[in-house]
Amino acid sequence: MLNEKHADAVELSALREYELPELVSALPSLDLSSFKYVSFHAPSTMNAAFEPTTVELLEAVVGRGWQVIVHPDVIVDWELWKKLGQYLCLENMDKRKAVGQTVDQLEPLFKALPEASFCFDLGHVRQVDPTLTEAFLILRHFKNRLRQIHISDVNSDSRHAELTIEAMLAFKRLAPAIPPTIPVIIESRVSESQIESEIQLVREILDDDNRGGRRTPNLTQAISA
Amino acid sequence: MSDSPLRLLIDRLDIQVPHILQCIEESAGVEREVEGLLSRTRSQWVSLDTSLVVFGSLARGEWTPHSDLDWTYLIDGQANSDHLTIAQEIKEVLEHKYVPPNPQGAFASLVFSHELIHKIGGQDDTNRNTTQRMLLLLESVAIGNRAQEAYERVVRGVINRYLEEDPRLLTKDRTRYKVPRFLLNDIVRFWRTMAVDFASKQRDRGGKGWGLRNFKLRMSRKLLFASGLLTCFGCTLDPDAHPPEDADIDERRAYLVRYLRNQFCYTPLEVLARAAILYRIPEDASVRLLSAYDGFLEMLRNEGIREGLDVLRAEDAAKDKHFEQVRRISRDFQSALDVYFFENKELSALTKRYGVF
């Protein structure tokens, strides 16, 4: 489906705990050769008893050199997750979560996991702080850890949604601060027929030459699997 | 309080200001009490889209046993008719325990973030809206650790709105932020509005409450104005407000929003204390300022004096012994402020440039 959309990055998701073993075991059979960048989203909710098994399964993903996107609120045993090293990619959280929303909240997490990288979710950060103050602070503060971007709107129910004009205006302001080589994963919930237009909207946001003369990025986009 | 600039200044000056310290302690206690009261009687009274915000003496850390409790139920989310019910329930709980705010005033009701952020200036910016917005910045606290999100978003939203109207944020040499003129003008306007409203209330209430309101105008209201000015001046003078290098205007604005937000976390007296340290205000002026303010709070804490001032009319003030004390305290306070704003080299230059025209 994505091959026809000229996407060269993809994120595989096992957002529910029970999806993880099945997806991990299916990895050898997936043809992902057309993608320059592949990442993997770990379960966003987890029974603490399942944590060691989860990390063990994710080690197989890390072995492929893929970033593993993790919501910090699922981590209970911090030592356990250190095994994933630089491939452990922490994501900033939406306003429903008690941790990981702001620079001040993210800082101790990265201190606990010094090798971890960072997935910056633009929809989450805009929901937490519509002025984008926190977004700019996070980008500058964790620039060296940044490995990928999540982009979408987040609606009033805190669900990822298709891009709106408000979200686009906000993200265009952020675009000059995002390095052009960083892969972008689109998390908008759209029908298959809308995928192409959603990708175009993201290009419009990140290719905006009118803001600070940003050069056309080597954009890698995908629809989250 | 341990890392408060006020505590630091008090220690440096080695002075006794027992009433200031007692009010701070009691304010913290009342904040906890309000949270506990609501949690016991109205479970789940907070949400990610709403905050209970308190203003006035409680937010300034100047609570006395006779203070009224100024509050609003701040909403930053989907409109929902249940919000009114929740606000009414909060009102019922709080008014059972504390002195309610003036029913004609700006408090004890719902407030929506859109009004505060969008209606700055113009016909729709009512006296009530201006008051709520200014006090949100200058003296407010959200009650409860679980209910800070909506409050934080709105405070940042208001600050951001002020800065969006300033086309250039940096000085010509691009090394410092400029004084945010739109915000500063609104703070100046608010102070003048408070002073004008003092006269208006005097007329409306037939002189009742003149003595107490006069004292507050000379002290706590003026302190609020002074802290607002210092916060704006800090944008260009305070080393903590340095703009990031290699940033575009949006990122520079974000850093200034953060600076201002951090400053507005201080109580007004803390802002004055921090400025005393930062700008090396002579110690005798700082002593005078804090001693005068301690005297103000001491008088407010005394029920008899407070009641006497509340019934004092302007025509009787010259013969009133307590009002003579009011005059002395407020003269000391003003003379200390004069040192800040007219004698300090850095601050006086900005006072001349921005304070009048």
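Things to note:
- Listed by position, the helices (runs of 4 or more DSSP H) enclosed by segment B:242-357 that each have at least 1 residues that are over 21 Å from the mean Cα position of the chain (by Cα) and touching a residue at least 40 places away in the same chain (Cβ under 8 Å) are B:249-264, B:283-301, B:303-311, B:321-338, B:345-354.
- On inspection, B:Arg133 passes the criterion of being more than 14 Å from chain A (Cβ to nearest Cβ), of a type in the set (D, E, K, R) and not in a strand (DSSP E or B).
- Counting only residues that are within 12 Å of chain B (Cβ to nearest Cβ), without any contact (Cβ under 8 Å) to a residue 24 or more places away in the chain and part of a helix (DSSP H, G or I), segment A:114-166 holds 1 of them.
- Of all the criteria given as (1) surrounded by fewer than 22 Cβ atoms within 10 Å (Cβ to Cβ); (2) of a type outside the set (S, T, N, Q); (3) more than 30 Å from A:Pro130 (Cα to Cα), the one not satisfied by A:Trp81 is (1).
- Every listed requirement among (1) surrounded by 13 or more Cβ atoms within 10 Å (Cβ to Cβ); (2) within 20 Å of B:Glu62 (Cβ to Cβ); (3) modelled with pLDDT of 95 or more is met by B:Asp310 save one, (3).
Residues checked against (1) touching a Lys or Arg at 6+ places or on another chain (Cβ under 9 Å); (2) within 20 Å of A:Thr133 (Cβ to Cβ); (3) within 14 Å of another protein chain (Cβ to nearest Cβ):
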site: B:Thr236; (1), (2), (3): yes, yes, no
site: B:Pro243; (1), (2), (3): yes, yes, yes
site: B:Cys265; (1), (2), (3): no, yes, yes
site: B:Tyr279; (1), (2), (3): yes, no, no
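- Qualifying positions in segment B:119-135 - of a type outside the set (S, T, N, Q), surrounded by 14 or more Cβ atoms within 10 Å (Cβ to Cβ) and farther than 17 Å from B:Tyr151 by Cβ: B:Lys119, B:Ile120, B:Asp125, B:Arg128
- Of all the listed residues (B:Phe182, B:Phe198), the sole one being touching a Phe, Trp or Tyr at 6+ places or on another chain (Cβ under 7 Å), hydrophobic (A, V, I, L, M, F, W, C) and either closer than 23 Å to B:Tyr293 by Cα or assigned to a helix (DSSP H, G or I) (or both) is B:Phe182.
- Flag if B:Ala292 is buried (at least 17 other Cβ atoms within 10 Å of the Cβ), touching a Lys or Arg at 6+ places or on another chain (Cβ under 9 Å) and over 30 Å from A:Pro176 (Cα atoms): yes
- In segment A:92-112, of all residues being out of contact with any Pro (no Cβ under 9 Å at 6 or more places or on another chain) and not in a helix (DSSP H, G or I), the one that is surrounded by the most Cβ atoms within 10 Å (Cβ to Cβ) corresponds to A:Gln101.
- Filter pass, B:Asp310 being more than 23 Å from B:Leu136 (Cβ to Cβ) and acidic (Asp, Glu): yes
- Filter result (surrounded by fewer than 22 Cβ atoms within 10 Å (Cβ to Cβ) and touching a Leu at 6+ places or on another chain (Cβ under 6 Å)) within segment B:31-54: B:Trp45
The values are calculated or read from the model by the stated rules, or taken from the named source; none is laboratory data. Remember, it's a predicted structure, so these values are computed and weren't measured experimentally. For neighbour counting, all protein chains shown are included, and Cβ atoms are generated from backbone atoms with ideal geometry for every residue, glycine included.
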